[in-house]
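Since the structure comes first, as structure tokens, the remarks are kept for the end.
The values are calculated or read from the model by the stated rules, or taken from the named source; none is laboratory data. Because the structure is predicted, anything quoted here is derived from the model rather than measured. Here Cβ is always computed from backbone atoms with ideal geometry, including for glycine, and neighbour counts include all displayed protein chains. Note: accessible area is taken over every heavy atom of the protein model, side chains too, but ligands, DNA and RNA are not part of it. Shrake-Rupley method; radii C 1.70, N 1.55, O 1.52, S 1.80 Å.
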Amino acid sequence: MTEHSSIRNMNSTNYGAVGQSVPPPMNYAAAMNPAMNQALYPPTGTEGLSTPLFYPSAHSDGGMGVVSGYEGMVDGSGQILPPPPDMFPGPVAPASVTPDWRIPFISEITAKEAFIEYVNSHCCYGTGPATDMVLQDMQPFNTYRYRLETFTESRACKWVTVPYKGQTVDSLAYGQAPLPWEINVPVPTFFKDEKHKAPVPHTSSLKPCPQCLGIGKTVCTKCHGVGRMQCQRCNGTGIWFKESCRDCIGNGTHSCRNCSGSCRVICTGCTGKGKILNYIQLDVTWTNNIFEFIADHKSEFPTDHFKEVNGEKIFTDEQFMVPPIINFPDRAINQASQNALQQHHSRFASTSRILRQRQTIEWLPLTFVEYNWKGEKYNYFVYGKENKVFTSNYPAKCCCCVIL
């Protein structure tokens, strides 16, 4: 038995909770309004002609017809469809290879140069402390950022109605419609969010437009089919300052500008063609889901500052499913890796298709520097690959830098 045939043998309505058969929804709209026997369009003018129109359904089949495998779809809201069980990823064992965890550090020269650059970027800071300081001590904090990226694919389907403009009508006459996860869709670049929309093969049908009943025109909503409108200048009196109104030539009404007096306008539902095309649309969404964790550095440095800098990557693992990290020197990173993988597996494995995972560890440079200037002790932090500086007690600020 082929993979496609095994997928098709699954219960065709099994698109609710995993392992639970979902029956077609009750004919709610028709029960509430028996006169409702056709799909309704949005108000005229609310949709661009190039935008697909989505319709609430009046019957259990939405007025679209019944397509095998899609019986539970009744409206245009979209329905998330989990992948078949054979696409679910299984557990992955921890890696047996021991990486070489070599942690770099910054030099005294780098720390001093970073401080001078920081001072020069502030017009109100005197350069004395940066150029004349006597460095007393440097204390590095081995701080790390762990990131897990799980690249997933999810699929949803919904009925779509668009104006018919001569498109090919790929109906059931050309074959049985494939199930959502049977449709071959090329995967884009890994770890990049993207969306794809396409008609499901063999689900199209051509019907008369229900908004204009196939005529191609509808009653003008401005004049309500009369063809004339009351003159706004004279309020329908035909008189303007005791003279005949120039806009309506004294008649009190003028030809409707919306329909040019013809009482009808081109139907927005079918763009005047009189026909609409119904089909099931497959919506594919690729999402790069990110888990990020920064280990405790046990210092007074504000952790939020790490968001604005990059780190030095010291470990990268990319494959279909990555194993948890178990032998990194900082145990918090090991625990974060296990928590992240478990969290992503529970969130995405049963509802989406996991295509790729990547986990990285970045060394985030963070060094506490103590220095002496004019007999007093001060300090600052150097952080990030860019060697940015943070200090809360720079000793040479001019008066305009002091907040009163």
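Of the conditions (1) farther than 30 Å from Ala156 by Cβ; (2) of a type in the set (Gly, Ala, Ser); (3) in contact with an Asp or Glu (Cβ under 8 Å, 6 or more places away or on another chain), Gly238 satisfies every one except a single condition; which number is it?
(3)
I'm trying to understand the selection: among the residues of region 159-171, which are surrounded by fewer than 20 Cβ atoms within 10 Å (Cβ to Cβ) and part of a strand (DSSP E or B)?
Passing the criteria: none in range.
Anything in region 286-323 that is touching a residue at least 12 places away in the same chain (Cβ under 8 Å), within 26 Å of the chain's Cα centre (by Cα) and assigned to a helix (DSSP H, G or I)? List them, or say none.
Phe306, Glu308
Here's the yes/no breakdown for (1) closer than 30 Å to Pro199 by Cβ; (2) touching a Phe, Trp or Tyr at 6+ places or on another chain (Cβ under 8 Å); (3) among the polar types (S, T, N, Q); (4) loosely packed, with under 15 Cβ neighbours inside 10 Å:
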{"site": "Arg228", "(1), (2), (3), (4)": "no, no, no, no"}
{"site": "Trp240", "(1), (2), (3), (4)": "no, no, no, no"}
{"site": "Arg257", "(1), (2), (3), (4)": "no, no, no, yes"}
{"site": "Ser262", "(1), (2), (3), (4)": "no, no, yes, yes"}
{"site": "Val265", "(1), (2), (3), (4)": "yes, no, no, no"}
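Quick check on Arg356: is it open to solvent by 60 Å² or more (accessible area, probe 1.4 Å) and farther than 21 Å from Ala295 by Cα? So that I can check it myself, show each step before the final result.
On the way: open to solvent by 60 Å² or more (accessible area, probe 1.4 Å): yes; farther than 21 Å from Ala295 by Cα: yes.
Yes.
Looking only at region 324-349, which residues are open to solvent by less than 40 Å² (accessible area, probe 1.4 Å) and under 27 Å from the mean Cα position of the chain (by Cα)?
Those that are open to solvent by less than 40 Å² (accessible area, probe 1.4 Å) and under 27 Å from the mean Cα position of the chain (by Cα): Ala336, Ser337, Ala340, Leu341, His344, Phe348, Ala349.
Evaluate the following for Glu386: is it surrounded by fewer than 18 Cβ atoms within 10 Å (Cβ to Cβ), more than 30 Å from Thr127 (Cα to Cα), in contact (Cβ under 8 Å) with a residue 24 or more places away in the chain and not β-branched (Val, Ile, Thr)? Walk me through it before giving the result.
Working: surrounded by fewer than 18 Cβ atoms within 10 Å (Cβ to Cβ): yes; more than 30 Å from Thr127 (Cα to Cα): no; in contact (Cβ under 8 Å) with a residue 24 or more places away in the chain: yes; not β-branched (Val, Ile, Thr): yes.
No: the conditions fail for Glu386.
Inside region 106-153, can you point out the residues that are of a type in the set (Gly, Ala, Ser) and under 21 Å from Phe301 (Cα atoms)?
Hits for region 106-153 are Ser107, Ala111, Ala114, Ser121, Ala130.
Please specify each residue of region 86-132 satisfying the condition of being part of a helix (DSSP H, G or I), at pLDDT 75 or above and open to solvent by 50 Å² or more (accessible area, probe 1.4 Å).
Correct list: Glu108, Ile109, Lys112, Glu113, Ile116, Glu117, Asn120, Thr131, Asp132.
All but one of (1) in contact with a strand residue (DSSP E or B) (Cβ under 7 Å, 6 or more places away or on another chain); (2) loosely packed, with under 15 Cβ neighbours inside 10 Å hold for Lys298; which doesn't?
(1)
Please give the number of the condition Phe368 fails out of (1) exposed (fewer than 14 other Cβ atoms within 10 Å of the Cβ); (2) not in a helix (DSSP H, G or I).
(1) is the only condition that Phe368 fails.
Within region 194-207, can one find any residue that is open to solvent by 70 Å² or more (accessible area, probe 1.4 Å), assigned to a loop (DSSP other than H, G, I, E, B) and basic (Lys, Arg)?
Looking for residues that are open to solvent by 70 Å² or more (accessible area, probe 1.4 Å), assigned to a loop (DSSP other than H, G, I, E, B) and basic (Lys, Arg), one finds none in region 194-207, hence no.
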